[in-house]
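The values are calculated or read from the model by the stated rules, or taken from the named source; none is laboratory data. All figures in this text were calculated on a predicted structure; none of them were measured in a lab. Counting neighbours? That spans all protein chains shown, and the Cβs are built from the backbone with ideal geometry, glycine included. Just the protein is used for accessible areas: all its heavy atoms, side chains included, with ligands, DNA and RNA removed. Shrake-Rupley method; radii C 1.70, N 1.55, O 1.52, S 1.80 Å.
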Amino acid sequence: LCESALLFNAIITLFVFGPGWFEGTSVGDRLNDRVEMCINTWGDMTDKDNPVPGVNTQVAEGQWSLASGGWLGQGIGHGAMSSTPAGTTDLIMQSIGEQMGFFGVFCIVILLSLLLWKSLLTGFRSNHHFTLFLCAGVAIVTGLQFIIISLGSTGMIPLIGITVPFFSYGRVSLLLNMLAFGMVLSVSSHNRRAAQQASYMKAYTSPVLCTCLTYTAILIFIIGVFFRYQVIEREDIMLRPALV
């Protein structure tokens, strides 16, 4: 029973729908607030006499930060990063976009794409199943983490308080990311001494290729989202009011 999926799902159910010990609210209520923040980012101002405020203006203020950055940003150290909620953690991409502009965000996405691609390639060339799964696991977890927080901080999906790998302020997160990619570097160092590619590893060519193509498509979409807020709709967002 202790190792069954039944117990695991029971724990998840208690976590989501059980009462909060400190705040008196359930995690389900908090999840609903996050969903509402995504759907009603700016508040409903269709009825001028009875406007409906949004649950939280965090995402809206993040979009303001992106819009104020434009193409090249306001310069490193400039802008109003301290005014952005969680500007060093959840919304670090918004702070980067404000200071370095769309060009800086674009460079970060490209560099992260190269890092994920090299990690998958390192595992594929290792000639061992375990190291392949190790490197692929590091790449997948890192990529999903970046995708979730990037889309959440822009309001495309509900915001989840996770860090942006290597950028968000968080000592434990940074150490774990460095440890994970330290293992990938170790595998890469071993590959330079290894023999030619083993024939049985060629069976993983299609999964690795599909993973790379999937990540490429999603990261291109993320670039498009930031381009929309920082270039296409920049003036509209900077002049748009939020109900607070």
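Before moving on, here are some points about what is shown:
- Region 111-133, residues that are open to solvent by less than 20 Å² (accessible area, probe 1.4 Å) and among the β-branched types (Val, Ile, Thr): 122
- Taking the criterion of being crowded, with 16+ Cβ neighbours inside 10 Å and either under 14 Å from the mean Cα position of the chain (by Cα) or within 18 Å of residue 170 (Cβ to Cβ) (or both), the residues of region 86-98 that qualify are 86, 87, 89, 90, 91, 92, 93, 94, 95, 96.
- Index of the failed condition, residue 73 passing every other in (1) buried (at least 20 other Cβ atoms within 10 Å of the Cβ); (2) part of a loop (DSSP other than H, G, I, E, B); (3) under 19 Å from the mean Cα position of the chain (by Cα): (3)
- For region 105-124, a tally of residues being touching a helix residue (DSSP H, G or I) at 6+ places or on another chain (Cβ under 7 Å) and either of a type outside the set (A, V, I, L, M, F, W, C) or not in a helix (DSSP H, G or I) (or both) returns 4.
- Considering only residues in region 134-161 that are open to solvent by less than 50 Å² (accessible area, probe 1.4 Å) and of a type in the set (Val, Ile, Thr), the one that is farthest from residue 221 (Cα to Cα) turns out to be 138.
- Criterion violated by residue 164 - all others in (1) at pLDDT below 90; (2) more than 21 Å from residue 61 (Cβ to Cβ) satisfied: (2)
- Inter-residue pairs, beta-carbon under 6 Å, first under 19 Å from residue 147 (Cα atoms) and in a loop (DSSP other than H, G, I, E, B) and in region 163-189, second β-branched (Val, Ile, Thr) and at pLDDT 85 or above, 6+ apart: 164/92; 164/149; 165/142; 167/92; 168/92
- Options 65, 83: the member that is at pLDDT 75 or above and open to solvent by less than 60 Å² (accessible area, probe 1.4 Å): 65
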